[in-house]
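One structure below.
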Amino acid sequence: MSNEKTAGKPAGNLISPAENTWCPGCGNFSIEHMMKSALAELAESKGIPLEKFVIVGGIGCHGKLTDYLNVNSFYAIHGRAIPLATGIKLANPDLHVICFVGDGDTYAEGLDHLVFAAKRNADITVIVHDNRVYGLTTGQYTPTSPYGFKGRSTPDGITERPINPLELMLVSGATFVSRGYTKKLKPLKQTFKDAILHEGFSFVEVLQICATYFNLTDCYNDQVYDLEGIDTTDFDQALAKAREWDYTSLARIPLGTFYDRKMPVFGEKFRHLEKRTRSRDEAVRAVLEEYR
Amino acid sequence: MRECSVMIGGKAGEGINTAGLTIASLFNHLGYRVYMYFDYPSLIRGGHNFAVIRAAEEKIGATRDTFDILLALDQNCIDRHTEAIRDDTIVVYDSYQVVNATGHPIDVDRILKEENAPQITKNSAIIGGFCKAAGIAWEILTDVFKTTVPEKYLDVNLRVARRGYDAAPEVIRIEPLGRPTLPVLTGNQAAGLGLVRGGLDTLVAYPMTPTSNLLHFLAEHADDLSVKVIHPENEIGVMLMALGLAYAGNKTAVCTSGGGFCLMTEGLSLAGMSETPVTIVLGQRPGPSTGVPTYTSQADLHFVLNAGQGEFPRFVVVPGDLEEMYYWSAVALGLAWKYQIPSIILTDKTLAEGGYTFDIDASGAIPELPPVFADGVKPYRRYAATEDGISPLAFPPESTAPVKANSYAHDEAGFTTEKAELVAGMQEKVLRKAESLHRELETFRGVEVAGVAGAGIALVCWGSEKAACIEAAARFGVKVVRPLIFAPFPVRQWREAMLGVHRVIAVENNATGQLARLLRQNGFWVDELVLKYDGRPFSVDELERRLAEVIG
Ligand code: SF4
């Protein structure tokens, strides 16, 4: 952490020259720009060099962000960004690893990895672009689509109830849980910064507008409100707040940080192994002696 | 006596594997080369477990059908192996459990009661009896127990063993050979040490027979060997975590069996497209699906050669004994990093879980295979198109430009592209890399020849069948030709090895002749198949009988 005093590259370079192909009005733009600002501000205020950030994406509209942001990245595969991100962090704990995943990507295909990353308190940040529909495969239901949602694979409407990701993350052991909304830019940026600075598994559920397949702007604008005055170290309060809205009803939708606790981080026990005191040949021969 | 076969059997949960390794260690201390085959059903308690330990003056790796000495912990052990008991087989048995046998009874129950010893020390009484019957000096047994039994249990085990020793007569005398002892290891352990020697930083694995013991071994020695050992939620997580570790500069391996590798193939393709190095130790067992989980097989060859969608180079090596396992595990890891490809070390239950004396100095000098790193001056491009197809590596945060790895088709900087010429260009770059790998492998011994050099008949085999084939070939005066490298296949070396051969017999642990199929794909003919697919490796006797039918 010695060279974190230097601010790294200027933030102006953070958007890559890759051609942007998101639909006009897509909520992904908000996430991209608030993340860009969050990284730039963290570089500025905390002295984290930009080259210490690594972003990992899954597959879906959200994943293109790995191309669009000009930082270290691994554009991974559907549902698998989280174990990959965990591996990166384990290899080099000085890196700040941020995972961008979609709701179909991480709540369907990759759910086991998400739950386990929370369970083990992997020191990564997971940002879910939850537009509650499959965008890139043109409009099928996802695990968070509301009850009755009519998608291209379910024209009569789904008869499954959506999962509540915040509730799931809390009971899985996530140590930072928050929710943002792509039309509330400033709080979104703040949430990103808080999540990245959190030591341990941080989870940000972003209610993201899909302009083409599921535009929930009006509904969200009516229902959202800012969480205030809760004790973010109180698990029961966090859980109660997470249950206020069930992803189908017209209940109010709390935005902000629900839970923020410091717990031992996955991988800490490996740090002492980095100091290798003898050659590999010597180490191997020493172990062999035990089997003679 | 030039060689000796010992069988010890009892119920699962009675520590037969440990007892077998102790017997192997006793022979080792007398200067013999040993091999131990461990047979166990997928049960935690009950059933029938047995270990066959064969000791000889020369290096071996297969069993014989009959035993010189049989150590029976229960009646089942006698009844199941009547065909393996000869008139002169020395039988030492637990007279409390075995009701019908001829041989040398040991009243284990009484010994344990009188010594106030726990049930788990039963084996020590039998091993004591074995040592006496085989004329092995008491001091050798104490030496071996000192290294194999934890200190706080040493005294009680020695007391029980002594009682067993005194209860048996000396029937034969196994002469010490006066050679230094060698470590006795399993194939899994040799693979683990080889990987560490080759530069391993991290092992990631989800337990699956027959490579769980590789996971356990490195976990147990993580501090001694400075390796991180991680057991994630499933094999999909294993592979992806490994790729993340590699992206950030950690040399990483995974281990599994066919079923786990099924789940890993998605990540294997990602390794291929993103050019991320990963080394996979795959221990074969019978399939499809769960198959016969604790037995052996050689039926995943074509799966391994073809796993993953799309076209990308891979290195596949199949070691045949511990020295090869050690050497090639180190080399496979090195090649994975030099060429940024998946390396697969294909093994099977026989070799992975079998016990063998291991001679590290006979495994050959491990070559240096340094990865190609970026110069740190030019703006970094993860997939820079080079003549040899190898794009130099850099890891965050030490890079002159962002390190952008990609599962999509990409340009040199790592940005997604679907442009025809860029897609084709990158595929060609990867194929150039495959060519470079092929060229480098020409300098390695990719095909091994043993047996009678000029013979017109060749046994061809792979992996753990090496040992049985070499022994059987000596009887028939034929040669044994065995590929070590399976991908990219060493066509030139194979052709040279087969010069003068007019009849080719493939010996394999599968039902369809997978090596024969690969040879045919490369334009080489195989005349006969000698196959075994019941989950057990060939014994030397059985292979000799089967070969006699073919060779005459
Ligand atoms: S389909 Fe929806 S999520 Fe995808 S880019 Fe278009 S608006 Fe955005």
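The values are calculated or read from the model by the stated rules, or taken from the named source; none is laboratory data. The shown structure was predicted, so the numbers you read here are calculated from the model rather than taken from an experiment. Quick reminder, even Gly has a Cβ in these numbers, built from the backbone with ideal geometry, and neighbours come from all protein chains shown. We work out accessible area using only protein heavy atoms, side chains counted, and drop any ligands, DNA or RNA first. Shrake-Rupley method; radii C 1.70, N 1.55, O 1.52, S 1.80 Å.
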Next on the checklist: Under 7 Å between Cβ atoms, which residue pairs at least 6 apart in sequence (or on different chains) link something in the range B:391-409 that is free of Cβ contacts under 8 Å to residues at least 24 places away in the same chain and at the interface with chain A (Cβ under 7 Å from one of its Cβ atoms) with a partner that is part of a loop (DSSP other than H, G, I, E, B) and not small (Gly, Ala, Ser)?
Outcome noted: B:Pro397/A:Pro49; B:Pro397/A:Leu95; B:Pro402/A:Asn70; B:Pro402/A:Val71; B:Lys404/B:Arg382; B:Lys404/B:Phe415
Checklist entry - Is the range A:269-281 home to any residue that is more than 32 Å from the chain's Cα centre (by Cα) and assigned to a helix (DSSP H, G or I)? => result yes
Next on the checklist: If I go through the range A:97-118 residue by residue, how many of them are at the interface with another protein chain (Cβ under 10 Å from one of its Cβ atoms) and either at pLDDT below 95 or open to solvent by 10 Å² or more (accessible area, probe 1.4 Å) (or both)?
Outcome noted: 4
Checklist outcome for this item: Within the range B:147-166, residues aliphatic (A, V, I, L, M) and modelled with pLDDT of 95 or more come out as B:Leu154, B:Val156, B:Leu158, B:Val160, B:Ala161
Checklist entry - When you scan the range B:351-376, how many residues do you find that are in contact with a strand residue (DSSP E or B) (Cβ under 6 Å, 6 or more places away or on another chain) and within 12 Å of chain A (Cβ to nearest Cβ)? => result 4
Next on the checklist: Are there strands (runs of 3 or more DSSP E) fully within the range A:143-241 with at least 1 residues that are open to solvent by 30 Å² or more (accessible area, probe 1.4 Å)? List them.
Outcome noted: A:224-226
Item to check | Options B:Tyr93, B:Tyr37; residue that is farther than 24 Å from B:Gly164 by Cα and out of contact with any Cys (no Cβ under 6 Å at 6 or more places or on another chain) | outcome: B:Tyr37
Checklist entry - Among the helices (runs of 4 or more DSSP H) contained in the range B:171-267, which hold 2 or more residues that are more than 7 Å from every other protein chain (Cβ to nearest Cβ), within 29 Å of B:Gly310 (Cβ to Cβ) and open to solvent by less than 10 Å² (accessible area, probe 1.4 Å)? => result B:187-197, B:235-247
Next on the checklist: For the range B:290-340: of the residues being more than 20 Å from B:Arg536 (Cβ to Cβ) and of a type in the set (Gly, Ala, Ser), which is most open to solvent (accessible area, probe 1.4 Å)?
Outcome noted: B:Gly310
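For every residue, the table says whether it meets (1) open to solvent by less than 30 Å² (accessible area, probe 1.4 Å); (2) closer than 21 Å to B:Ile106 by Cβ; (3) modelled with pLDDT under 95.
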{"site": "B:Arg2", "(1), (2), (3)": "no, no, yes"}
{"site": "B:Met7", "(1), (2), (3)": "yes, yes, no"}
{"site": "B:Ala19", "(1), (2), (3)": "yes, yes, no"}
{"site": "B:Gly47", "(1), (2), (3)": "no, no, yes"}
{"site": "B:Ala62", "(1), (2), (3)": "yes, no, no"}
{"site": "B:His81", "(1), (2), (3)": "yes, yes, no"}
{"site": "B:Ala84", "(1), (2), (3)": "yes, yes, no"}
Checklist entry - Which residue pairs have Cβ atoms under 6 Å apart, sit 6 or more places apart or on different chains, and have a first residue in the range A:119-140 that is within 14 Å of chain B (Cβ to nearest Cβ) and a second that is within 11 Å of the ligand (Cβ to nearest atom) and assigned to a strand (DSSP E or B)? => result none
Checklist entry - Of these, A:Tyr259, A:Tyr247, which one is within 20 Å of A:Arg179 (Cβ to Cβ), surrounded by 12 or more Cβ atoms within 10 Å (Cβ to Cβ) and out of contact with any strand residue (DSSP E or B) (no Cβ under 8 Å at 6 or more places or on another chain)? => result A:Tyr247
Checklist entry - Got at least one residue in the range A:29-46 being open to solvent by less than 10 Å² (accessible area, probe 1.4 Å), within 16 Å of the ligand (Cβ to nearest atom) and facing chain B (nearest Cβ under 8 Å)? => result no
Checklist outcome for this item: Being open to solvent by less than 50 Å² (accessible area, probe 1.4 Å) and either β-branched (Val, Ile, Thr) or out of contact with any strand residue (DSSP E or B) (no Cβ under 7 Å at 6 or more places or on another chain) (or both) narrows A:Ala85, A:Ala91, A:Ala81 down to just A:Ala91
Checklist outcome for this item: Taking the range A:53-78 and keeping only residues that are open to solvent by less than 10 Å² (accessible area, probe 1.4 Å) and at the interface with another protein chain (Cβ under 7 Å from one of its Cβ atoms), one is left with A:Val54, A:Val71, A:Asn72, A:Ser73, A:Phe74, A:Tyr75, A:Ala76
Checklist entry - Is it true that some residue in the range A:64-81 is within 16 Å of the ligand (Cβ to nearest atom), touching a residue at least 12 places away in the same chain (Cβ under 8 Å), hydroxyl-bearing (Ser, Thr, Tyr) and assigned to a helix (DSSP H, G or I)? => result yes
Checklist entry - Quick one: A:Val287 ticks every box in (1) part of a helix (DSSP H, G or I); (2) β-branched (Val, Ile, Thr); (3) out of contact with any Asp or Glu (no Cβ under 9 Å at 6 or more places or on another chain) bar one, so which box is it? => result (3)
Checklist outcome for this item: Exception for A:Ile127 within (1) within 13 Å of the chain's Cα centre (by Cα); (2) within 16 Å of the ligand (Cβ to nearest atom); (3) not in a strand (DSSP E or B) falls at (3)
Checklist entry - So which residues in the range B:134-148 are small (Gly, Ala, Ser) and buried (at least 24 other Cβ atoms within 10 Å of the Cβ), if there are any at all? => result B:Ala134
